[in-house]
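Everything below concerns the one structure shown next.
The values are calculated or read from the model by the stated rules, or taken from the named source; none is laboratory data. Nothing here was measured: the structure is a model prediction, and the numbers come from that model. Don't worry about glycine lacking a Cβ; one is built from the backbone with ideal geometry, like all the others, and counts go over all protein chains shown.
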Amino acid sequence: MPRVVVTAVSFCKNSVLRAEAVQVFARHEVVFHPVDSASSPHDVASALNGFDAAIVGRETIGPEVLALSNPPAIIAKYGVGMDNIDPLVLDKLTVLSAPGSNAFAVAEHTLGLILALTHNIAKCDRLLRGGTWWKDGGVAVASKTVAVIGVGAVGSRVARLLRAFDCEVIGVDIVDKADFLGPLGASQQDLQSALKVADLVTLHVPLTKSTATMVGRGFLTAMKPGSWLVNTSRGEIVVEAELLMALNSGHLAGAGLDVFQVEPVENKELVGHPGVVSTPHIGGNSREAVLAMGRAAVSMLAKVINNV
């Protein structure tokens with residue numbers, strides 16, 4: 001009997017997904033073995049050994065998997081982004097993914113961070129809990145110029161939401177997005193041109209060799225003075241020390257962060273900055289998104305191993 005292991009933590013914790021997986025893979029043995037993303041690649045590999053297929057999450061899938069005596073032939077990714085899976089694994093094993101399965105949730109969370117920043121929602125909440133009645137409603141999002149860096153599954157949804165606020169949206173992407181941006185009433189520009197005029201910059205690029213540490217001193221210096229930065233993509237894209245300097249100097253008005261270089265976050269000075277609104281990497285983790293990601297992973301895997 002073929003064996004399937006599920007190591008993605010939030011999948012394993014979800015009773016609905018567990019029940020659906022057992023039903024879909026009724027002809028297979030299904031084992032739920034949650035593996036935390038902080039686990040070593042060796043421990044992750046050990047959890048996968050002896051199984052024919054696996055559903056994995058954010059844990060590191062390193063070359064140790066290839067050295068197993070009986071590695072899974074098929075791996076389905078629960079969630080988006082393949083940066084936690086070693087290129088050698090991607091090359092040697094069948095790895096299934098469903099990009100964009102939680103895009104709606106990340107886009108909504110991005111908009112939430114934008115509103116919390118610009119309207120002082122988070123700041124007023126903190127002050128009011130401490131007994132301070134501080135009446136500063138911030139500034140309107142409407143009519144602001146927003147640079148959407150990466151116009152993919154999430155970025156395109158963010159662009160649509162912002163256009164509903166009558167924002168001037170500028171898309172920045174390595175691919176020509178004119179067919180999408182034009183009818184939306186948005187434009188596409190190169191990065192430097194967009195940073196120069198944007199009141200707000202929101203990041204939606206995957207983590208790759210070219211995007212890692214992309215938002216450093218040069219990027220931040222090029223941003224318009226008094227603008228905001230929002231990151232709901234990957235923490236490694238932003239150099240946190242440089243961002244903190246830009247905030248402390250007053251060059252940036254604030255930042256909305258859902259992701260960090262190290263998670264759980266260790267940069268207490270950054271998350272404690274009065275101009276920062278932060279959340280613990282929950283952008284793509286709404287209840288609906290968890291179900292959508294889990295069902296996508298199960299469906300992909302079922303089509304292969306059940307010959308559906």
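Some points to look at:
- For the range 70-78, the criterion of being surrounded by 19 or more Cβ atoms within 10 Å (Cβ to Cβ), in contact with a Ser or Thr (Cβ under 9 Å, 6 or more places away or on another chain) and either under 24 Å from Thr211 (Cα atoms) or at pLDDT below 95 (or both) is satisfied by at least one residue.
- The helices (runs of 4 or more DSSP H) found wholly in the range 197-308 and carrying at least 3 residues that are surrounded by 18 or more Cβ atoms within 10 Å (Cβ to Cβ) occupy 240-248, 287-305.
- Among the residues making up the range 90-130, those that are crowded, with 16+ Cβ neighbours inside 10 Å and outside any helix (DSSP H, G or I) are Leu93, Val95, Leu96, Ser97, Ala98, Pro99, Gly100, Ser101, Asn102, His119, Asn120.
- Number of positions in the range 131-176 that are touching a helix residue (DSSP H, G or I) at 6+ places or on another chain (Cβ under 9 Å), of a type outside the set (A, V, I, L, M, F, W, C), in a loop (DSSP other than H, G, I, E, B) and within 15 Å of Ala194 (Cα to Cα): 2
- Output for the range 257-297, where each listed residue is closer than 19 Å to Ala116 by Cα and charged (D, E, K, R): Asp258
- Residue in the range 158-174 that is without any contact (Cβ under 8 Å) to a residue 40 or more places away in the chain and exposed (fewer than 12 other Cβ atoms within 10 Å of the Cβ) present: yes
- Test: residue in the range 26-38 that is touching a Lys or Arg at 6+ places or on another chain (Cβ under 7 Å) and closer than 16 Å to Met300 by Cα: yes
- Sub-6 Å Cβ pairs linking a first residue in the range 270-295 that is under 16 Å from Asn231 (Cα atoms) to a second residue that is small (Gly, Ala, Ser) and part of a helix (DSSP H, G or I), at least 6 apart or interchain, are Val277/Ala116; Val277/Ala122; Gly284/Ala105, ordered by first then second residue.
- When the range 223-266 is filtered for residues that are of a type in the set (D, E, K, R) and in contact (Cβ under 8 Å) with a residue 12 or more places away in the chain, the ones remaining, listed by number, are Lys224, Arg234, Glu236, Glu240, Glu242, Asp258, Glu263.
- Among the residues listed as Val22, Val30, the single one being more than 30 Å from Leu203 (Cα to Cα), surrounded by 17 or more Cβ atoms within 10 Å (Cβ to Cβ) and more than 24 Å from the chain's Cα centre (by Cα): Val30
- In the range 41-55, of all residues being in contact with a Gly (Cβ under 9 Å, 6 or more places away or on another chain) and either under 19 Å from Leu88 (Cβ atoms) or not assigned by TED's automatic domain parsing to the domain that holds Asp83 (or both), the one that is surrounded by the fewest Cβ atoms within 10 Å (Cβ to Cβ) corresponds to His42.
- The residue of the range 51-91 that is farthest from the chain's Cα centre (by Cα), among those that are in contact (Cβ under 8 Å) with a residue 60 or more places away in the chain and under 18 Å from Glu29 (Cβ atoms), is Asp52.
- Of the numbered criteria (1) assigned to a loop (DSSP other than H, G, I, E, B); (2) in contact with a helix residue (DSSP H, G or I) (Cβ under 6 Å, 6 or more places away or on another chain), the one Gly81 fails is (2).
- Within the range 111-140, the set of residues being within 18 Å of Asp166 (Cβ to Cβ) and in contact with a Ser or Thr (Cβ under 8 Å, 6 or more places away or on another chain) comprises Ile114, Gly138, Val139, Ala140.
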